[in-house]
Amino acid sequence: MNKKPNIIFIESDSMDGRAFGSMGFSPLKNSTPAMDRLAREGSIFEQTYTNSPICVCSRASMFSGRYIFNCHAWNNYKGIPASYPTFFTEFKDVGYDMGIFGKTDYISGQHTQRARVTAWLRTANLRLPEYNMAKPEILENQDKRVHKRDWENVDSSVEFLKTTVQKNQAGGDKPFFLYLGVNQPHPEFKTSRYYLDKVDQDSIEIPPKDNYNHPVMEYQRISNAWRHGTDPESVKKLRAIYYAMIAETDAMIAEVMETLRSLNKEDETIVIYTSDHGEMAMEHEQFYKSNMYEPALRVPLIFKGAGVNQGLRIKRSVSHIDIFPTLMELTGIKNRKPLDGNSLGPELRGEKSALPDQVFSEYHECSVNESTSMIRQGDFKYIAFAGGYEPLLFNLKDDPWEINNLASSMPEKAKEMKAALYKISDLDKVAAHVKEYEQDSFRIWRDEQKAAGTYEETMARIYAGWDNPKELDIKPWSKEREDRIIEWLEECSYM
Ligand SMILES: [Ca+2]
């Protein structure tokens, strides 16, 4: 039997999947050469969605191939157990030489106290800041390695490739699986003049304002607490820095790909590039992700190597859960686990897909006061909210910025989309289940904090919006806020 192909899986954090020079995105034209080359030598899915737009939830779903409502990775603290089957365990079990570097971030128990408490308390609707994002920053220098920790992981990946190939030439015959998780282009928004000069600033678009005001998105603006301007000049500067960070991410990918080429292993290796979720970059006056808009949900997805045609630009909407079955098909590993996605192998070979143009995503984490889910079918996207909030309906072809809500002007379409969405997962049932978990988790945590005498102080720090309180004006935890929590703890999730 022939040796199985090697795998290089590169995952960035927070890259908007629409921001490719090769997809006609002007600010980065000619500034993402490594990604563009991957797309040219392999194939790109131009409409790829995350199944949940925040770190742990996205990654737990992608790596396990299960929707969140099946794997129960509700927030950045509650991911999946280390023992949960993922594609990492599949490759390890069939004997791949594993090299895992940088951010994986899918296992339960991680992230800060603030992250877990704000997630548990979201439906208490406290309407307090949860973040304190640093001011966007341009370093006036020619530094090519601005984000040092990522570069250390790039260097480790390069070293792994060299060592593994050398070992194989000396008689080893195992295929390798290299995973590189870089934290770029995740905010804070910081870059050097070197990368900023790669961005065509004249072609940066300033997002238009919404023609509606959705209460859950208003809550998100309070919670994310952007403090650095929403005027066109501030927005343009932030977007320029964000795109420059994508250019730096591209330089990281270039380094790994150049090493692979220098080792003459390109033909024996399948390369995948994706990101965990996107970045709002001030669309809808938001930064970060955590909602169902295109900038938060859209991610890059490129496959290159054996079994993949060159230069296909595939338009059908796909999502992260399709990666696991695709990897299994491309490497001929017989998958033993139930998976929610479908292999994209046929499309990568240029065959027409038999699958519907439909994707699903959901979100139950911090900075929204109710769970939300969405379905995209063809040109339309329907966003549902639990808790009785009005839905949103967009025609993405006519309204790519998602500023015109059609839910009340197209009631038949909204009804049809809602039925398709709830056929995949009943948001109200899932939201009720998550809320019960959140109330239980918070109760236990609060009892522990009270026993230690640290409850009020910890809560005051958490809702000062920052993990490092020394810079902040921390106000004492008020009776009014605590009364709201007591009331919330008594709310029954099941009606
Ligand atoms: Ca992330």
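A single member of ASN75, ASN51, ASN70 is within 22 Å of ASP426 (Cβ to Cβ), away from the ligand (no atom under 16 Å from the Cβ) and assigned by TED's automatic domain parsing to the domain that holds GLN113, and it is ASN70. Inside the stretch 117-168, residues that are of a type outside the set (A, V, I, L, M, F, W, C) and assigned to a helix (DSSP H, G or I) make up a count of 18. The C-beta contact set for the stretch 369-388 (first residue under 20 Å from ASP399 (Cβ atoms), second residue charged (D, E, K, R) and assigned to a loop (DSSP other than H, G, I, E, B), distance under 6 angstrom, 6+ apart or interchain) comprises GLY378/ASP357; ASP379/LYS397; PHE385/GLU370. Restricting the first member to the stretch 331-343 and to residues that are closer than 21 Å to GLU268 by Cβ and assigned by TED's automatic domain parsing to the domain that holds TYR84, and the second to residues that are among the basic types (Lys, Arg) and buried (at least 18 other Cβ atoms within 10 Å of the Cβ), the beta-carbon pairs closer than 6 Å and six or more apart or on different chains are THR331/LYS4.
Scanning the stretch 401-419 for residues that are in contact with a Lys or Arg (Cβ under 9 Å, 6 or more places away or on another chain) and surrounded by fewer than 16 Cβ atoms within 10 Å (Cβ to Cβ) yields a count of 1.
The residues of the stretch 294-323 that are within 16 Å of the ligand (Cβ to nearest atom) and in a loop (DSSP other than H, G, I, E, B) amount to a single one, PRO300. A single entry from ALA60, ALA34 fulfils the requirement of being within 15 Å of the ligand (Cβ to nearest atom) and within 27 Å of HIS147 (Cβ to Cβ): ALA60. Taking into account only those residues within the stretch 5-28 that are away from the ligand (no atom under 16 Å from the Cβ), part of a loop (DSSP other than H, G, I, E, B) and at pLDDT 95 or above, which is nearest to ARG193 (Cα to Cα)? The selected residue is PHE25. The residue that is farthest from the chain's Cα centre (by Cα), among those in the stretch 14-31 that are among the charged types (D, E, K, R) and under 23 Å from GLY181 (Cβ atoms), is ARG18. Considering only residues that are exposed (fewer than 13 other Cβ atoms within 10 Å of the Cβ) and in contact with a helix residue (DSSP H, G or I) (Cβ under 9 Å, 6 or more places away or on another chain), which ones fall in the stretch 314-355? Within the stretch 314-355, LYS334, ARG336, PRO338, GLU351, LYS352, ALA354 meet the criteria.
Only a single item in (1) crowded, with 22+ Cβ neighbours inside 10 Å; (2) farther than 19 Å from THR118 by Cα is not met by SER52, and it is number (2). Looking across SER373, SER343, one residue alone is at pLDDT 95 or above, of a type in the set (Gly, Ala, Ser) and touching a Pro at 6+ places or on another chain (Cβ under 9 Å). It is SER343. Counting only strands (runs of 3 or more DSSP E) that sit wholly inside the stretch 169-283, not one has at least 3 residues that are in contact (Cβ under 8 Å) with a residue 40 or more places away in the chain, away from the ligand (no atom under 16 Å from the Cβ) and more than 24 Å from the chain's Cα centre (by Cα).
The condition of being small (Gly, Ala, Ser) and within 20 Å of ILE241 (Cα to Cα) holds for only one of SER52, SER43, SER26, SER61, that being SER26.
The values are calculated or read from the model by the stated rules, or taken from the named source; none is laboratory data. Computed from a prediction, not measured in an experiment: that's the story for all the values here. Quick reminder, even Gly has a Cβ in these numbers, built from the backbone with ideal geometry, and neighbours come from all protein chains shown.
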